[in-house]
Structure formats: structure tokens, C-alpha cells
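A short reminder: the numbers here are calculations on the coordinates, not readings from a lab. Bear in mind the structure is a predicted one, so any value in this text is a computation, not a measurement. Neighbour counts run over all protein chains shown; Cβ positions are idealised from the backbone, glycine included.
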Amino acid sequence: DTSDDANGPDLTIPEVRLQIARAGRMLGMHYMQDGSGWRMVRLFELPMPPDVRVGLVAQCPIGPGAEVCFASLEIEHRTIGNIRAGG
């Protein structure tokens, strides 16, 4: 009964910020480049327990591969106003 909205460009910039926000069973994923504001990449529902573990992974499903460096990771327990808009 819930759609899975997934849209996003192929990024060719050297740095990007990623945000994942959770509201109950809903997850919103957003990216930001150069401080230009959060842009939604995906909004979907995922059945999960109240407490979850998180981590990072990178993939390159086609081509010769990619070099990835995770510069930092922050985990916050806070509320955002609009899961579609990020923040």
C-alpha cells in the first residue's frame, strides 16, 4: 500500500553528503552537494524493529569500479520537519 519513490542523478562530483531519515517504517534518503540544500533520492517503507544497526557501503554495479572514501559519519537522534524535504 506504499509506493517506493526513487529518483536521482548520476553524480560526477568528488564530494557529496548523504542523509537518511527515519519516521517509523518510512525511510527518506537525501543528498547535498556544495551546501545547495537537501535533494530527495528515495522514499520508501521498510518493516524493521524499533532499534536498528546502521553502516556504510559503496558499490559500482557496472564499469571498472570506483574508489570511495567516507570522510565522516554522524548519527543523530532528532526529528526533521518533512521526511520528503530532508533537513
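For this structure, a couple of remarks:
- Each Lys and Arg contributes +1 and each Asp and Glu -1, all at the Cβ; summed about the Cα centre of the chain, the dipole is approximately 200 debye.
- Residues in segment 1-31 that a label on S72 would reach, taking backbone N under 16 Å of a point 7 Å out along Cα→Cβ: 15-20
- Derived scalar couplings ³J(HN,Hα) [segment 34-50; Karplus, 6.51 cos²θ - 1.76 cosθ + 1.60; whole Hz; x for Gly, Pro]: 6, x, 7, x, 6, 10, 6, 10, 7, 9, 7, 9, 9, x, 7, x, x
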